[in-house]
Amino acid sequence: MDISIIGSGYVGLVTGACFADVGHNVICIDNDSRKMETLQAGRVPIYEPGLEEIIHRNVSAHRLRFSGSIREGVDNSQIIFIAVPTPQQPNGDVDLSFIEKVSREIAGVLTSYRVIVDKSTVPVKTGERVAESIKRYNRHGAKFDVVSNPEFLREGCAVGDLMHPDRIVIGAQSEYALDLMKKVYEPFMVPILVTDINSAELIKHAANSFLALKISYINVISAICEASGADVEKVADGIGMDRRIGRQFLNAGIGYGGSCFPKDVAAFITIAEQVGVPFNLLKEVQQINAGQKERFLKLIRETLWVLREKKIAVWGLTFKPDTDDIRFSVAIDLVADMLREGAHVMAYDPKGMEKAREVKAIAEARFAASALEATEGAEALVIATEWSDFANVNLALVKERMTTPIVFDGRNLFNPETMGQLGFHYHSIGRASVAPP
Ligand code: NAD
C-alpha cells in the first residue's frame, strides 16, 4: 500500500521504516528541514536499536523515502498517518496545535479520497475535531475518513514493538477505511481490536496512565520496604508471579520520566476533569513519582552530608536505556538538582550525551568518555538509568578510581551483597543499604 507519515520522530520514523520493511511504499514527512536533510543523506537522527539497518535496507529497495512536503505525501498515498507531537501545556491540557496545523495542511491539498489516521496520543474526541477541521479547509470537497490508531511502542525496543505488537487498536467509523487499515497491518499478523474512534483514543491514555500507576505502586512499596527492612525486589517477584498482576513495570526506582508518561498522566487527569470525573488516583501517582526522586536526593544528601564541592559521578542521562532520548528524564533532573546544590557532576551515558550537552539546566556538568572515566576521583557514584552497559563495567576498577566508594543505585542495577563484598557503601531503592564487611 502507499502510505505517508507526517512527523518523522521516534514514532513516525520507526513506524514508517517498519511499514516499508513489510512491503508498503512509505514517504516519511517532516517540517524539520535539518532532520529531513540528515535522513536524505543516509544518516539517522535518532538512536533506536535496529532502526538504522531497516531504514538503509528499505531506502535501497525504494520502498522508503523522505520529504518535507505534505502535498507530496497526500498526492501519493491512500493512507496518511499523523505522528506529530502532542506536548503538555502548563495547565495540563494537551497542546493540539501540531495536529490542527497538519489537519489544515492535509485539507488544503486533498483532491481525492484519503484515510487520515491519527497515531499521535490525543485526548478523546480529537478525531471529531480533526474531521471538522479537514472538512472546513477542504477546498476541493474531496472525500476522506478519519481513523484513530494509537501507538504503544516503547522507545529502546521500538522496532521490536512495531514488528510484534501485543495488539493493534483501530478506531474507525467507516467500513471502507477499516478495510484499508486492516490491509496495512495484515503483514504483521497480530490481533486487531476494532473500536469506535473515541474508545481508541481513550485506550491510549488509559493504558499509559495504568502503567505509570503500576510503577508508582511499587515505588510506594519500596518506601515501605526501606522502613520495614523488607526487600522490594522479592516483594515485586512475589506479586508479579501472580498472572493477574504480572512482573513487568514492577521495578522500583527513582520514578518514570520521558516524553509520554508524565504528559499522558497529566492529560488524562485534565480529560477526566473536563468530562466531570475527578481522577484523584492519578494525581496521587504524580505526587508519588515526584516524591521518589526527592526521597533519593534526600538519601544522597543525608549520606554525603553536604553536596557542595562533592565530586559526583552519574551513570545514565536518558529517560530509559537503549535510547538517546533525554526528554523529561529523571536523570537530567537529578543532575540539575545536584548541580544547584554545588556538586561537581561528571556524567556518562552511552547514547544520551550529545543531547544532554544542550540542556541549559545541566550546563555545568562535565561529561566523561566512559562509565569508568566518570568515576575518577568521585566521592559518590549515582546510577540514574539502567543501561546494561553499566552492569558490565569492572567494579573493582571503579572502586579503585573512586575517592570514597559510595554508590547510590536509583535503578537497582546491582546486587547489594556483591557490592558490599566489593568494598562499596551501597544504597539502592527499597532494599537495605550495605557497607563493606
Ligand atoms: P517527536 O517529537 O520525536 O516527533 C514528532 C515529529 O513531528 C518531529 O520530528 C517534528 O519535527 C514533526 N512535526 C511537528 N510538526 C510538524 C508538521 N506540521 N509537519 C510535519 N512534521 C511535523 O515525537 P514522538 O515521540 O514521535 O511522538 C509523537 C506522538 O506519538 C506524540 O503524540 C506522542 O505522545 C506519541 N507517542 C510517542 C511514543 C514514544 O515513545 N515516543 C510512543 C507512543 C506514542
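The numbers here are math on the coordinates, done by the rules we state, and not lab data. Since we're looking at a predicted model, the values are computed, not measured. Please note: Cβ atoms are built from the backbone with ideal geometry, for glycine as well, and neighbour counts cover all protein chains shown.
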ask   = Fully extended, how many nm does the chain gain between Glu132 and Arg34 (0.36 nm per residue separation, minus their Cα-Cα distance)?
value = 32.1 nm
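Once the Cα gyration tensor of the range 2-195 is found, what semi-axes does its equivalent ellipsoid get, as square roots of 5 times the eigenvalues, in whole Å, sorted largest first?
Working: eigenvalues 111, 70, 64 Å².
Its equivalent ellipsoid spans semi-axes of 24, 19, 18 Å.
When only C-alpha pairs under 8 Å and at least 6 residues apart count, what is the relative contact order of the chain, in percent? Don't skip to the answer; put the middle values down first.
Values: 896 pairs, mean separation 50.2, N = 437.
For the chain, the relative contact order is 11 percent.
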inquiry  = Quick check for me: using +1 on Lys/Arg Cβ and -1 on Asp/Glu Cβ, what's the dipole size of the range 135-183 about its Cα centre, in debye to the nearest 20?
reply    = 380 debye
key: Rg and Dmax of the range 200-437, Cα atoms only, in Å   = 18.0, 59
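Which value in deg cm²/dmol, rounded to the nearest 500, describes the helix-derived mean residue ellipticity at 222 nm for the chain, given -39,500 (n - 2.57) per DSSP H run of n ≥ 4 and division by the residue count? Don't skip to the end; give the middle numbers.
On the way: 18 runs with 195 residues, N = 437.
Rounded to the nearest 500, it is -13500 deg cm²/dmol.
Relative to the Cα centre, what is the charge dipole magnitude of the range 200-437, using +1 at the beta carbon of each Lys and Arg, -1 at the beta carbon of each Asp and Glu, and rounding to the nearest 20 debye? Walk me through the numbers before you get to the answer.
Numbers: 27 positive and 30 negative charges, 55 e Å.
The dipole magnitude comes to about 260 debye.
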In nm, spacing of pseudo-spin labels at Ala61 and Lys125 (7 Å Cα→C-beta vector) = 4.3 nm
ask   = Roughly how many debye, to the nearest 20, is the charge dipole of the chain about its Cα centre, given +1 on each Lys and Arg Cβ, -1 on each Asp and Glu Cβ, and no other charges?
value = 440 debye
query = Under a plain spin-label model, where a point goes 7 Å from the Cα along Cα-to-Cβ, how far apart in nm are Asp237 and Glu358?
reply = 4.3 nm
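Provide the convex hull volume over Cα atoms per residue for the chain, in Å³.
147 Å³
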request  = Could you state the angle between the C-alpha long axis of helix 126-137 and the longest principal axis of the C-alpha atoms of the chain, as a value from 0 to 90 degrees rounded to the nearest 10?
outcome  = 40 degrees
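Using 1/(1 + (r/R0)^6) with R0 = 45 angstrom and r between the beta carbons of Ser112 and Glu53, what's the FRET efficiency to the nearest 0.05? Walk me through the numbers on the way to the answer.
Working: r = 36 Å, r/R0 = 0.79.
Efficiency at R0 = 45 Å is approximately 0.80.
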query = Pairing the Cα long axis of helix 10-21 with the longest principal axis of the chain, what angle in degrees results, from 0 to 90 and rounded to the nearest 10?
reply = 60 degrees
task = List the residues whose amide H sits under 5 Å from the amide H of Thr195, counting only those 5 or more places along or on another chain, with H placed 1.01 Å from N in the peptide plane.
result = Ile170, Gly171, Ala172
Two-site label geometry, Met189 and Thr404: point separation in nm, points 7 Å out along Cα→Cβ = 5.9 nm
key: Residue with peak Gaussian network fluctuation, the chain [Cα springs, cutoff 10 Å], from Asp324, Asp32, Asp333   = Asp32
ask   = Between Ser133, Ala20, Leu64, whose Cα lies farthest towards the positive end of the dipole of the range 2-195 when Lys and Arg beta carbons carry +1 and Asp and Glu beta carbons carry -1, centred on the Cα centre?
value = Ser133
key: Furthest towards positive pole of dipole, Leu381, Gly255, Gly423, structure part the range 200-437, Cβ charges   = Gly255
task = Provide Rg over Rh for the range 1-58; use the alpha carbon set for both Rg and the Kirkwood Rh (inverse mean inverse pair distance).
result = 0.92
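How much length is gained on full extension from Ala391 to Arg247, taking 0.36 nm per residue of separation minus their Cα-Cα distance? Please list the in-between numbers first.
On the way: separation 144, 0.36 × 144 = 51.84 nm, distance 2.09 nm.
Computed gain between Ala391 and Arg247 is 49.7 nm.
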